[in-house]
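The values are calculated or read from the model by the stated rules, or taken from the named source; none is laboratory data. Computed from a predicted structure; not experimentally measured. Because the Cβ atoms are built from the backbone with ideal geometry, glycine has one as well, and the counts that use them run over all protein chains shown. All accessible areas refer to the heavy atoms of the entire protein, side chains included, with ligands and DNA or RNA removed. Shrake-Rupley method; radii C 1.70, N 1.55, O 1.52, S 1.80 Å.
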Amino acid sequence: MARPSSFICTDGRVLSVNDQVAVALRRLSSGESLLSIGVSFGMNQSMVSQITWRFVEAMEECGLHHLRWPSTETEVQNIKSKFEKIRGLPNCCGAIDTTHIIMCMTSVDPSNDVWLDQEKKHSMVLQAIVDPDMRFRDIVTGWPGCMGEPLILKNSGFSKLCEGGQRLSGKQIELSKGSKVREYIVGDMGFPLLPWLITPYQGKGVSSAKSEFNKRHFATRMVAQRALVRLKNMWKIIQGEMWRPAKHRLPRIILVCCLLHNILIDLEDDIQDEMPLSHLHDSGYKQQVCMEGDENGAMLRDRLCQYVTGNQNIV
């Protein structure tokens, strides 16, 4: 499907489409410099860059169907069932988390200050919602590191769909007589507690029932953290510190890395069999805490807590 090209190596060989894909995958997966990859393939830096961007454009044009919200009832039910098998949370549709893509930028230019995050690093944020197989189902990227999780979530298309009743609006399930639970996703305490986003109980000295719920909640949302670890480990171009990246191009690189991450899972590649042991995808970053809480979200969390712990008195 590629457009005709005339990429020629230093030995005079014309690069096939497969050769070009190999160059792009090497660039994205290794994180090596354009110079290093050029030496490996017998081409100059400019050609490596051009080929990589042709690949990125092709993926944007032809590969977006690999990252989508489940569209059939069978798909949704399969996701809910797998989440419930982790630690018993019913009707859960996803786990949400964010990670920082570090950028090396000059501090002389004051316009770069907007990219400074809470750890005084220049970064871009990736927000991801993940299914139980560590497949990305929804992503948002491009926002500067200074923006917190609540604001990025609020400005996301996913949040707008949820607030408008167009997402996480499927079947409710009855836990007990008069106690129903809607569809929701789970996230850490950096996110606000919402009717469709369940966060852990906060504070010291929570009851044993709430502590047990928090443990189950943590185990369930761990899949999002591990997915982000795998993303950065597999596609090392976004793992380290990117040297003065073009800020309008970086979100496109992140998107394509997420698409490739999903394609490997879809292919059931052998390399996907082992779950990453680590869940630290944002080394050096402190856990942020959001104190925002919605009453309906709190009621849903209490119902879930009572159900999974079997304890009606959770105070």
Subset of region 25-48 [among the polar types (S, T, N, Q) and closer than 19 Å to ASP11 by Cα]:
SER36, SER40, ASN44, GLN45, SER46
Give region 16-57 a look and list any residue that's among the aliphatic types (A, V, I, L, M), without any contact (Cβ under 8 Å) to a residue 40 or more places away in the chain and buried (at least 16 other Cβ atoms within 10 Å of the Cβ), or say none.
VAL21, VAL23, ALA24, LEU34, ILE37, MET43, VAL48
Please determine whether any residue of region 72-83 is of a type in the set (Lys, Arg), within 30 Å of GLU174 (Cβ to Cβ) and open to solvent by less than 50 Å² (accessible area, probe 1.4 Å).
yes
Residue in region 148-193 that is most open to solvent (accessible area, probe 1.4 Å), counting only those that are closer than 18 Å to PHE213 by Cα and charged (D, E, K, R):
LYS180
Take region 144-169 and flag every residue that is farther than 22 Å from ARG230 by Cβ and modelled with pLDDT under 95.
PRO144, CYS146, MET147, GLY148
Please count how many residues of region 286-315 are among the aliphatic types (A, V, I, L, M), open to solvent by 50 Å² or more (accessible area, probe 1.4 Å) and either part of a helix (DSSP H, G or I) or closer than 14 Å to LEU194 by Cα (or both).
2
Qualifying residue in region 99-120 (condition: within 23 Å of GLU73 (Cβ to Cβ) and touching a residue at least 60 places away in the same chain (Cβ under 8 Å))
no
Among the residues in region 227-234, are any open to solvent by 30 Å² or more (accessible area, probe 1.4 Å), under 30 Å from VAL48 (Cα atoms) and either part of a helix (DSSP H, G or I) or β-branched (Val, Ile, Thr) (or both)?
yes
Restricting the first residue to region 151-163 and requiring it to be β-branched (Val, Ile, Thr), which pairs with a second residue that is surrounded by 13 or more Cβ atoms within 10 Å (Cβ to Cβ) meet a Cβ separation below 9 Å and a spacing of at least six or different chains?
ILE152/THR98; ILE152/VAL125; ILE152/GLN127; ILE152/VAL140; ILE152/TRP143
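Residues are listed down the side, and each one gets a yes or a no for (1) over 17 Å from LEU255 (Cα atoms); (2) in a loop (DSSP other than H, G, I, E, B); (3) in contact with a helix residue (DSSP H, G or I) (Cβ under 7 Å, 6 or more places away or on another chain):
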| residue | (1), (2), (3) |
| --- | --- |
| GLY94 | yes, no, no |
| LYS171 | yes, yes, no |
| LYS180 | yes, no, no |
| ILE185 | yes, no, no |
| GLY190 | yes, yes, yes |
| PRO200 | yes, yes, yes |
Please specify each residue of region 58-71 satisfying the condition of being outside any loop (DSSP other than H, G, I, E, B) and open to solvent by 80 Å² or more (accessible area, probe 1.4 Å).
GLU61, LEU64, HIS65
Within region 194-204, restricting attention to residues that are over 13 Å from GLU292 (Cα atoms) and of a type outside the set (Phe, Trp, Tyr), which residue is most open to solvent (accessible area, probe 1.4 Å)?
LYS204
Could you tell me whether region 84-97 includes any residue that is within 21 Å of ALA219 (Cα to Cα), of a type in the set (Lys, Arg) and open to solvent by 40 Å² or more (accessible area, probe 1.4 Å)?
yes
Selected residue [touching a Cys at 6+ places or on another chain (Cβ under 7 Å) and under 30 Å from TRP196 (Cβ atoms)] from ILE86, ILE101, ILE96, ILE79:
ILE79
